[in-house]
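Report on the structure given below.
The values are calculated or read from the model by the stated rules, or taken from the named source; none is laboratory data. None of these values were measured; they are calculated from a predicted model. So basically every Cβ, Gly included, is an ideal-geometry build from the backbone, and we count neighbours across all protein chains shown. Surface accessibility is based on the protein's heavy atoms, side chains included, excluding ligands, DNA and RNA. Shrake-Rupley method; radii C 1.70, N 1.55, O 1.52, S 1.80 Å.
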Amino acid sequence: MIGQRGDGLPFTFSLTERDRRYRQVRAQMAALGFDALIIPCNTGHNEAYQADVRYLTQVGGFATEVALFFPSQGEPTCFLRGDKQRTDWWCGVQDWVQDIRPSDCAWSEGFAAVIRERGMDSARMGVVGIGGTYRSPDGLILHGTLAHLQGAFPQAKFLNATEMMLDIRLIKSEEEIAALQRATEIAEISINAAADAARPGQRENQVYAEMVAAMVKEGGELPTMILWRAGPSPTRPDRYPPQRQLAAGDVIVNEVEAKCAGYMAQVRRPIFVGKPSAEYEQLHELAVESFHLMYNRMRPGATYGYVVKAYTDLIEDWGYRASGVPLHGVGLGEDLPTVNLGKGFSSDLSDTEMKTGQAYILGPRVASPDGSKMLAWGDAVVITERGVKRLGKGRGEPIIAG
């Protein structure tokens, strides 16, 4: 609930939501025979790799380093980098977990201590991060952490729980959708701040700084992803904001991701420094139309192939290029599913049906016939029982700055 606890976090989730998540996770643990989950600290990919700790604790954000021991019965235990003052603060700003212990980043020692306390020396442990994910195929847990635990508890079994948690996080609750809604609002406010700041002579990094400031002012979290590229004919955006001065006729292509309580939503809105050329007007119109064509096909039971085909058919009919990721899962981390035209559209995935409660970034990229120009346009959407709900408010007109 937004503002539920005014002493630190701008958005917190209810105890009812905690109980729903715990029941679901523990039911799956029982089905797989897990006595406990070990969820390691990994702040990689803008904290996307800490999604499962955040999902079960609310602890995280601003590169907070935290790991979690989650038993099939009893209260979970968090390990937080820092001293008692820091753990006390976290105990005060959320009400899901109260056993939060200071750590000096020797994560395996913390896990080992609580395993011994609970007499689980020969238990079956589900380890989140043994298995790989789309953007981290080598896994998410440090080799030293796992090797230490395997050596300390030779009678225990350490099994893969990565896919279990990915599946559990797939369907979003009403409270999760509220967080995604707020994250989308923050991203759109950030885009507006960039449009207000962008003008000839202004350095790109100064405009970027206004976007970040707007996010923090609105209660958004860092680190987050902002992809950015500006110039007379930019293509794929990058992570680094140069100190180059903007010029009349520049185009800013972007993917702006904002976070609320760890939930990340993305907005893709090109910004034109001055009136766009006729070619850019056409690219922009095709990107917006692609978004709406796919959006209008999204509903429970619709297949990914059916939705994406609306985009690829339109672009091919116009002689342009379909470029990059038209839609992918969104939530706390690397949420499923991922549909990536850049690496080939999987025929297996193309037949997969959408489900009520799934959330997506829907943001088609369109490139010119020779590939020298590219734009993307879109934001977050949620599949509902009656169809699909868009979380963004942008109406589709070009954003002209300067």
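Return a whole-number percent for the relative contact order of the chain, with Cα pairs under 8 Å and 6 or more residues apart as the contact set. All intermediate terms of the calculation are to be shown ahead of the outcome.
Details: 879 pairs, mean separation 58.7, N = 402.
Once normalised by length, the contact order is 15 percent.
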For Thr338, which sequence-distant residues (separation of 5 or more, or a different chain) have an amide H within less than 5 Å of its own amide H, given hydrogens modelled in the peptide plane? Gly329
Taking a straight Cα-to-Cα line shorter than 18 Å from Lys275, and setting aside same-chain aspartates and glutamates fewer than 8 residues away, one finds Asp196, Asp250, Glu285, Glu397
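With r defined as the distance between the Cβ atoms of Glu75 and Ala302 and R0 fixed at 41 Å, what FRET efficiency is calculated, to the nearest 0.05?
Details: r = 41 Å, r/R0 = 1.00.
E(calc), rounded to 0.05, equals 0.50.
Count the net charge of all other residues whose Cβ sits under 10 Å from the Cβ of Ala258, scoring Lys and Arg as +1 and Asp and Glu as -1.
-3
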Round to a whole angstrom and tell me the spacing of the C-alpha centers of segment 195-224 and segment 143-194. 27 Å
Can you tell me which lysines have their Cα less than 25 Å from the Cα of Lys309? Leave out same-chain residues fewer than eight positions away. Lys343, Lys355, Lys373, Lys389, Lys393
When the charge dipole of the chain is computed with +1 at the Cβ of Lys and Arg and -1 at the Cβ of Asp and Glu, the Cα pointing farthest to the positive end, of Ala112, Gln98, Met354, is that of Met354
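Rounded, prolate or oblate: which fits segment 253-402, taking a ≥ b ≥ c as square roots of the Cα gyration tensor eigenvalues, rounded meaning a/c under 1.5, else prolate when a/b beats b/c?
Numbers: a/c = 1.85, a/b = 1.32, b/c = 1.41.
Oblate, since a/c reaches 1.5 and b/c is not below a/b.
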Only Cα pairs within less than 10 Å get springs; with that Gaussian network setup on the chain, which residue of Arg386, Arg54, Arg101 has the largest fluctuation? Arg386
Lys and Arg at +1, Asp and Glu at -1: add these up for the other residues within a Cβ distance under 15 Å of Phe153 and post the number. 0
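Provide the per residue accessible area, probe 1.4 Å, for the chain, rounded to a whole number of square angstrom.
Values: 16580 Å² over 402 residues.
Normalised by residue count, the accessible surface of the chain is 41 Å².
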Starting from the amide H of Leu159, placed 1.01 Å from N in the peptide plane, find each other amide H under 5 Å away whose residue is 5 or more places distant or on another chain. Met125, Gly126, Val127
Sum up the charges of everything whose Cβ sits under 12 Å from the Cβ of Val114, counting Lys and Arg as +1 and Asp and Glu as -1, but leave Val114 out. -2
1/(1 + (r/R0)^6) with r = Cβ-Cβ of Glu109 and Glu163, R0 = 25 Å, i.e. FRET efficiency to nearest 0.05, evaluates to 0.35
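Just check segment 125-246 against the gyration tensor rule for me: Cα atoms, a ≥ b ≥ c as the square roots of the eigenvalues, rounded for a/c under 1.5, and otherwise prolate or oblate depending on whether a/b exceeds b/c. It would help to have the intermediate numbers written out before the result.
On the way: a/c = 3.22, a/b = 2.10, b/c = 1.53.
In terms of gyration-tensor shape, prolate.
For Ala278 and Arg26, FRET efficiency with R0 = 56 Å and r from the beta-carbon atoms, rounded to 0.05? Spell out each step's value before the answer.
Values: r = 59 Å, r/R0 = 1.05.
After rounding to 0.05, the efficiency reads 0.45.
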Run the helix sum for the chain: -39,500 (n - 2.57) per DSSP H stretch of 4+ residues, divided by residue count, reported at 222 nm to the nearest 500 deg cm²/dmol. -11000 deg cm²/dmol
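Treating the beta-carbon of each Lys and Arg as +1 and of each Asp and Glu as -1, no other charges, what is the dipole magnitude of segment 294-340 about its Cα centre, to the nearest 20 debye?
Values: 4 positive and 5 negative charges, 26 e Å.
The dipole magnitude comes to about 120 debye.
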